[in-house]
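Below is one structure, written out as structure tokens; the observations come after it.
The values are calculated or read from the model by the stated rules, or taken from the named source; none is laboratory data. This is a predicted model, so every value here is computed, not measured. As a convention, Cβ positions derive from the backbone with ideal geometry for all residues, glycine included, and neighbour counts pool all protein chains shown. Side chains included, ligands, DNA and RNA excluded: accessible areas come from the protein's heavy atoms. Shrake-Rupley method; radii C 1.70, N 1.55, O 1.52, S 1.80 Å.
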Amino acid sequence: MELYFLALLIILMAVALGSGYPVAFALPGSAVIAIGAAALCGWLFADNPDAYFHQGGPVQWLTAGVTNFRGVYWEVERDTLIAIPLFIFMGIMLQRSKLAEDLLVTMAQMFGPVPGGLGISVIFVGALLAATTGIVGATVVAMGLISLPAMMRNKYANSVATGTIAASGTLGQIIPPSIVLIILADQLASAVDQASTARKALYKDVTGDLMMPAAFDITSTSAGEMFLGAFVPGLVLVGLYMAYIMIVAVVRPKMVPTVPYDGAYDRKFWGKVAVTLVPPLTLIFLVLGSIITGVATVNQAGAIGAAGATVMAGYRLYEGRRGAYWPGIIVLVSLVAIAVLVGTFQINIKNIHTQRDAIGLVLALGAVAFLLGALIWSGWRTYKVDNTLHDVMVDTAKTTSLVFIILIGAAMLTAAFRAFGGEELVRDFLTSLPGGFWAQFIIVMAVIFVLGFFLDFIEIAVVVVPIVAPILLMDPSANVTAVWLGVMIGLNIQTSFLTPPFGFALFYLRGVASSAVKTIQMYKGVVPFIGLQLLALVIVGMSPPLVNYLPSRLSLLSDTAPPPRNPALQHCIEEGLFEDYESLEPAVRESIATMRSIDTSYLPTEQQSALAEALEKAEKTFAMVGQIETAEQELAAFTQDYRPLHVEVRGIQARIAGKRDDLKKLETDIRRLPNEDAFAAQRRSMEDDIAGLKAEIEQLAGTIPDTWKAEHAAFVKLDKAVSLARNQYRRNVDNAYQPLAELSELISTADTLAALEEPAADLATVLSTGNSALGTEAVKAFVADLRAVPGTYDLAGTFDELRAAMSGDTFDTETTLGQLSEAVAAFRAELAWRRQAAQELGPALAAYEETIRYNIGLRIQPRLPRDTALDVASCLATPRDLTLSF
């Protein structure tokens, strides 16, 4: 019965949206009506309001949407959505202040004489507007009003002109900072949690292990990572658009003629180009650059963008008036001053120790005051001129409210969809498709493409993505990243915005285009660009590093980069190291031989043994790498024939698991039926279904090949051999380097320990007084200083024993001084070997440590070196197939 109410939910939503009913009310309204109808029918016909829900009851699901929304979006840690009104404000401010129009006119004048130059200018300005607004409707309308008349005046073919404008206007979907990317990042963060839980459950079911290795888990995403991931695909799309215009200019020059510039390309013209082009490019650089470099979060970058747009609007609205550029100049000078001061002084209001620190802080506060003053000045100008600030704030509030109301409605709709088992139905359908992940992915993308004809990107992002994303992300065979999936969905939505006859971009452009432009011409114009977008979709789909590399690179080069011992990095680190070991082996073996030739007999026995063992383990490293490679070759040879069997059996087992879930649900439902004659027929029908499911389960189990157990056991044995070899290698290299690092630290602190030699001798004078309190305090202070020196724990304990001997009001001075003499002798012996080691062993040990630091000793380092980090980022950017691990 749940399926009937699921169908009712979908029909209600489709009818409401198709009739033009506001989305903000259509989504939650459909959910409330469907849940209410299910509860009413359950109460009337089954005497149980919960009877026709997949699980739970009507109250639970009516409140689930709002509860989930509040729980997710009101968390302090998940404040990504705050960036939405900031970026909306930035885009609307730039449009209302005519900066977008200035950009297009200037670019057209600069590139117009080039064949197709005006079209290229439109694409370039569309990309810039996309990087400032992120709102498709606003960009298409602005571009249509500004550029379409100019292109028609200059004899551009109507089809090419409208296609270029519509396609350029949709770039806001994929070029960061994009609102759709922010929403997708937020939705995918929740989807990753669900997918991770599902993958761990799958791993437990198929392997029997309670804990899944961290390297097999799914990495979450953020708005900043989505921006980074979409950056290169956005540039690829812009490049494809421009290449198309250039090709048309060569093949059909009459369709995209040159546009001569009547003026002169003199200093005044280039000054105008600089004033028009440099500030928006600088703003984009600050916004995206601050995110990419990790200087600012997405929210902080949004605030930078909103402030920058206000400053630019302030001088643009005052253009031609005296002092128009003063606020912008003050902002620029203040920012430069702040940058210089931050680089010169240690500016921290909680850490002022010197007069220089205070001077730096005062100067920085002055620069910030000037910056704030210029921002307020610019804001006042936008408020006074044409009431621009008021209109921008109102439009920002309207757009932001629309986004959040739709998010709430979509959360309620998604809850209702799950209430009637829709999520499991979709999962069962997708997982039953032949072809694995890619078949599922193509079906999902096709559905999103079609939905893009009718729904805005917000509805798709918050309704469809939470349902399908966990299913796609949990699949270990493709092992795609959340960033890649989000960018692919963003590109897909962008494509559907152009597709006739329902493409939103076409509707927006039709509303502002003159009657001289026929609708059929617009349709013809966008067809090539749709093809280019589909080509970009294929390129990005087949080349995940285009999306994954920049987020991985930033993560590994940032101040918060994971250490080399992070389990998720081991495969890629070792992949690079194993390739380098062949060339590194001669130098490492020579360095080991040099270390063994040095006399270390003066070292303590413990240090001698640790050093000898470390050298031995370093020498064993190369043999262990060979063992790993041999084990992996044996595994690879076996899996060539084993893989098809594994995929076949796991598919059968997945279908059996689905049947068992259905069986469990039926058994639960039959227990809920009242024991009355009126339900006898329904009970018999359900019993027949149960019997049928049991038969199907038995039949499916019988289709598992007889060779499965033996083949799987052989695979597990070979796989464990590889894992064991790698784990032994990791323990070996750790133990080959760690003692060296510890010995180097001991040697390097010889001078620090020497500074305590005189205080150790002075203790005799204090203890000779016989004053227990004074002696105890002196020994305690010395021991504290001694313990601060690495490797002196036992030595400090020897001195600390003196305090026990001095207990009571008096103590035996002669005995205590004897103990002190022994402790001082031990101290001097420790100091002696450290001094000798620093002179004789130190240089060779430092050279040896440098030789093995970033190969054998790499795992012990606090962070990856830059070159290795870049190699690892490249490796991580390509998803690894984990099919055989599940």
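For the stretch 626-715, what % of the accessible area comes from carbon and sulfur atoms, probe 1.4 Å?
Ligands and nucleic acids excluded, carbon and sulfur give 49 percent.
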**Request:** Could you please put Thr769, Thr481, Thr388 in sequence from largest to smallest accessible area, using a 1.4 Å probe?
**Result:** Thr769, Thr481, Thr388
**Message:** Averaged across orientations, what area in nm² does the convex hull of the alpha carbons in the stretch 287-385 project?
**Reply:** 7.3
**Prompt:** What spacing in nm lies between the two simple spin-label points modelled at Ala714 and Lys268, each 7 Å away from Cα in the Cβ direction?
**Reply:** 8.6
**Request:** Grab the beta carbon distance between Leu884 and Lys664, set R0 = 30 Å, and tell me the FRET efficiency rounded to 0.05.
**Result:** 0.55
**Sites Val251 and Leu8, calculated FRET efficiency, Cβ-Cβ separation with R0 60 Å, nearest 0.05** = 0.65
**Request:** Could you tally the net charge around Arg252, taking each other residue with its Cβ under 15 Å from the Cβ of Arg252, Lys/Arg +1 and Asp/Glu -1?
**Result:** +3
**Message:** If I take every Cα pair under 8 Å that is 6 or more residues apart in the stretch 163-240, average their sequence separation and divide by the length, what percent do I get for the relative contact order?
**Reply:** 43
**Prompt:** Label points 7 Å out from Cα along the Cβ direction at Glu696 and Phe285: separation in nm?
**Reply:** 6.3
**Asked** Unpartnered cysteines of the chain (Cβ-Cβ under 4.7 Å counts as a partner)?
**Response** Cys41
**Request:** Give me the percent of Cα-Cα pairs in the stretch 549-592 that sit more than 12 Å apart, rounded to a whole number.
**Result:** 70
**Rounded Å value of the spacing that divides the Cα centres of the stretch 306-379 and the stretch 806-874** = 49
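Over the stretch 592-710, what number does the Rg to Rh ratio reach, with both radii from the alpha-carbon atoms and Rh per Kirkwood?
We get a ratio of 1.50 for the stretch 592-710.
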**Asked** If you roll a 1.4 Å probe over the stretch 736-816 with all protein chains in place, what percent of the accessible area is carbon or sulfur?
**Response** 50
**Prompt:** For Leu870 and Val278 in the same chain, what is the full-extension length gain: residue separation times 0.36 nm, less their Cα-Cα distance, in nm?
**Reply:** 210.0 nm
**Label-to-label distance, nm, for residues given as Thr703 and Leu402 (7 Å Cα→Cβ offset)** = 4.9
**Complete:** note: the stretch 693-771, Cα-Cα separations exceeding 20 Å make up a percent value of 72
**Asked** Could you give P(r) for the stretch 136-217, binned at 5 Å from zero, as whole percent values over all Cα-Cα pairs?
**Response** 3, 13, 14, 11, 9, 8, 7, 7, 7, 6, 6, 5, 3, 1, 0
**Percent RCO, i.e. relative contact order, over the stretch 396-498, from Cα pairs under 8 Å lying at least 6 residues apart** = 35
**Item:** Rg(Cα)/(2.2 N^0.38 Å) for the stretch 443-565, N = residue count
**Value:** 1.31
**Request:** Take peptides 349-357, 247-255 and line them up by average Cβ neighbours within 10 Å, highest first, as a rough protection proxy.
**Result:** 247-255, 349-357
**Asked** Helix 465-474 versus the longest principal axis of the chain: what angle, 0 to 90°, nearest 10, using Cα atoms?
**Response** 40
**Fill in**
Quick calc of log₁₀ I(q)/I(0), the stretch 666-705, Debye, one scatterer on every Cα, no solvent, q values 0.14 1/Å, result -0.39
**Item:** Overall Cα dimensions of the stretch 190-314, principal axis frame, Å, largest first
**Value:** 77, 43, 18
**Fill in**
the stretch 570-656, Kirkwood Rh and Cα Rg, ratio Rg/Rh at 1.27
**Request:** Starting with the highest mean, order 143-151, 442-450 by the number of other Cβ atoms within 10 Å, averaged over the residues of each peptide.
**Result:** 143-151, 442-450
**Using θ = phi - 60° and Karplus 6.51 cos²θ - 1.76 cosθ + 1.60, couplings along the stretch 152-157 (whole Hz; Gly, Pro as x)** = 5, 4, 9, 6, 5, 4
**Entry for semi-axes √(5λ) of the Cα gyration tensor in Å (calculated from the structure that is shown) out of (1) 58, 44, 30; (2) 66, 38, 29; (3) 53, 43, 35** = (1)
**Asked** Remind me, what semi-axes does the stretch 695-827 give for its equivalent ellipsoid, largest first in whole Å, using sqrt of 5 times each Cα gyration tensor eigenvalue?
**Response** 65, 19, 10
**Request:** With a probe of 1.4 Å, find how much accessible area the stretch 453-567 has per residue, and write the answer as a whole number in Å².
**Result:** 34
**Request:** Quote to one decimal, in nm, the extra length available between Met542 and Glu579 on full extension: 0.36 nm per residue of separation minus the C-alpha distance between them.
**Result:** 10.7 nm
**Prompt:** If you average the sequence gap of Cα pairs under 8 Å that are 6 or more apart and divide by the length of the chain, what percent do you get for the contact order?
**Reply:** 16
**Request:** Check cross-link reach from Lys268 to the lysines: straight Cα distance under 23 Å, and skip same-chain residues fewer than eight apart.
**Result:** Lys98
**Prompt:** What ranking, highest mean first, results for peptides 306-314, 164-172, 702-710 when packing means the other Cβ atoms within 10 Å averaged over each residue?
**Reply:** 164-172, 306-314, 702-710
